[in-house]
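One structure is given below, encoded as structure tokens.
The values are calculated or read from the model by the stated rules, or taken from the named source; none is laboratory data. Predicted model, so just to flag it, every value in this text is computed and none were measured. When we count neighbours, we look across all protein chains shown, and the Cβ atoms used for this are built from the backbone with ideal geometry, even at glycine.
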């Protein structure tokens, strides 16, 4: 049975990844601040968007922003989450569980102070 993508991601993160975590104040500031997003668009593309907006109701800005955010999430998730068949997952787990050889570069890197600390 395939293990879930969430399990894979958790295993990878807990075993091998060090990730920068934004402070809550940065997240809140980014969420509260509205910034302009301007673009030029061909008339036929704007007409297509306007037809869809008329069909759904609402406004063009919300429609375009929603579509752009959904696509951005797809792109980001596609690069972070992956699924494996059972054999590939077992090979992946073996690779994660295999002790790494001594590597002076990695040791030196891990001793450095992290920029976010």
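Among the candidates 17, 76, the residue that is under 22 Å from the mean Cα position of the chain (by Cα) and at pLDDT below 75 is uniquely 17. Note on region 103-117: residues that are modelled with pLDDT under 80 and either in contact with a helix residue (DSSP H, G or I) (Cβ under 7 Å, 6 or more places away or on another chain) or surrounded by 10 or more Cβ atoms within 10 Å (Cβ to Cβ) (or both) amount to 1.
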